[in-house]
1. Determine which member of the set 354, 345, 308 is closer than 30 Å to residue 138 by Cα and either touching a residue at least 60 places away in the same chain (Cβ under 8 Å) or surrounded by 17 or more Cβ atoms within 10 Å (Cβ to Cβ) (or both).
2. Can you tell me which residues in segment 102-112 are more than 23 Å from the chain's Cα centre (by Cα) and not polar (S, T, N, Q)?
3. For a quick check of your reading of the model, give me the residue pairs whose first member lies in segment 51-65 and is farther than 14 Å from residue 239 by Cα and without any contact (Cβ under 8 Å) to a residue 24 or more places away in the chain, whose second is of a type in the set (A, V, I, L, M) and open to solvent by less than 80 Å² (accessible area, probe 1.4 Å), with beta-carbon atoms closer than 9 Å and at least 6 apart or on different chains.
4. Of the residues that make up segment 59-68, is at least one under 22 Å from residue 229 (Cβ atoms) and open to solvent by less than 10 Å² (accessible area, probe 1.4 Å)?
5. So which residues in segment 198-224 are more than 25 Å from the chain's Cα centre (by Cα), surrounded by 12 or more Cβ atoms within 10 Å (Cβ to Cβ) and of a type in the set (Asp, Glu)?
6. Take residue 45 and tell me if it is within 23 Å of residue 122 (Cα to Cα) and not acidic (Asp, Glu).
7. Are any residues in segment 33-57 modelled with pLDDT under 95 and either charged (D, E, K, R) or in a strand (DSSP E or B) (or both), and if so, which ones?
Amino acid sequence: MHRSFCTFQPLSPKDALEERFILHSIAWPETPPVSLAQTSDPAHSTFTILPGRGGGQWHIGDQLEVMIQMSDFKGRPKKCGGDFLLAKLHNWKLGAGVAGQVVDHLNGSYSAVFSLLWEGGAQVEVTLVHPSEAVTVLNRLNSEQPDRMYFNSLFRSGSLSETTVCNICLRPTQQPLCNYTDVRTGEPWSCYKPKKLSCDARVDHVRGGYRLNLKAQEEKLFRGGVNMKVSIRASGPASVTVLPKKEGQPKVKSTSVTSGPSGYYYQDVWRALGGTTVHQFNTPYAISQCLQGKVVHLYGDSTIRQWFYFLIAALPDLKEFDLHSLKNVGPFMALDYANNILLTFRCHGPPLFFARVSTSELRYIANELDGLIGGTNTVVVFGIWAHFSTFPMEIYIRRLQSIRGAVVRLLDRAPGTLVFALD
């Protein structure tokens, strides 16, 4: 339904096929409208650790299976799936943890499967992030109201100034539009045209607000501590004791990104499955030696910005250069002359929920990558997702396709460039 006022540029046949495949693979079961009492209630839901092949004994390398039964607020078992559940296995004393693979049986029951990877206690934790009914509402809002998160831009020329609403998708009105679609990437962006100023007079970008257009009673589907991000209790024991690996038992390997975790934490250190060696950089010396002679470019949102300040805090000789940038927005730059390290951060292009950003600083990651020479002394890190959460999924997919194209071009001309994407 959002397509009635959202304009998407045509994709290549290959990208269009990929988009359809992704949309199909992430399609979520829809829940029919019900009364609030019939929605998923974590207080009445339970999980149970199944006995397993060892009859109640587990060894490193075994699989632990947990059955989850969702019920509504009257304690009646749910008959449909679609709940957003997270499951993890952990041991805080050992600094150990691993994510579980949750399988929706589409009848109100779910399975969570864990690989047992350390010796000792292992505690199961299952969390209801959103009930299925809330997920259905969020999907509907993203489809029907992709403009519920809106933005503003200031237009100014001399003593005249005016502010108008901007977005990826703008509803048609009598007011003409200023089209700021990026020429190189095709990323759409537009603003309602000021009444007395030209489109060229745009000065900045700023978050505007959020229209929470929920139907009656729907807000009760998003209550923290009631039905949003709430732990589900165990119907029996919530933990197991993992014994040493049996003689001859095969080593646990990662399966695939979609079917299981690629690694786990043990002693507060991330360990990859499948034999991949993960190097640890736990001291300022180790970090600086790794980055010595490197130009490190960070692109993305506040998560990537934390990397910038973490590295400055970790490396005494890495000093931020004052670019007089807005706090939390950037761009930022830091230099370590002794080790020849240059570190930069730049936020990704709109949509951005940040505070005021000059239009001259609104850069798309793909365009920034196309401007890099690259090489063995260049490191690129990017992460992008949070600011797209209220928009149709097609917009996020296309942004990533655009960035991927730029990464391919960068690696074609400079194969030694290191590129890391955060998910």
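1. Values: 345 fails: closer than 30 Å to residue 138 by Cα; 308 fails: closer than 30 Å to residue 138 by Cα.
The unique qualifying residue is 354.
2. Taking segment 102-112 as the starting set, the residues that turn out to be more than 23 Å from the chain's Cα centre (by Cα) are 105-111.
Across segment 102-112, the qualifying residues are 105, 106, 108, 110.
3. Correct list of pairs: 54/243.
4. yes
5. Selection gives 204 alone.
6. yes
7. 53 - this is the single residue of segment 33-57 that is modelled with pLDDT under 95 and either charged (D, E, K, R) or in a strand (DSSP E or B) (or both).
Residue-wise test of (1) in contact (Cβ under 8 Å) with a residue 40 or more places away in the chain; (2) open to solvent by less than 70 Å² (accessible area, probe 1.4 Å); (3) over 17 Å from residue 303 (Cβ atoms).
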| position | (1), (2), (3) |
| --- | --- |
| 372 | yes, yes, yes |
| 387 | yes, yes, no |
| 392 | yes, yes, yes |
| 395 | yes, yes, yes |
| 403 | no, yes, no |
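The values are calculated or read from the model by the stated rules, or taken from the named source; none is laboratory data. Bear in mind that the values here come from a model prediction, so they are computed numbers and not experimental data. Quick reminder, even Gly has a Cβ in these numbers, built from the backbone with ideal geometry, and neighbours come from all protein chains shown. What goes into the accessible areas is simple: the full protein's heavy atoms, side chains included, and nothing from ligands, DNA or RNA. Shrake-Rupley method; radii C 1.70, N 1.55, O 1.52, S 1.80 Å.
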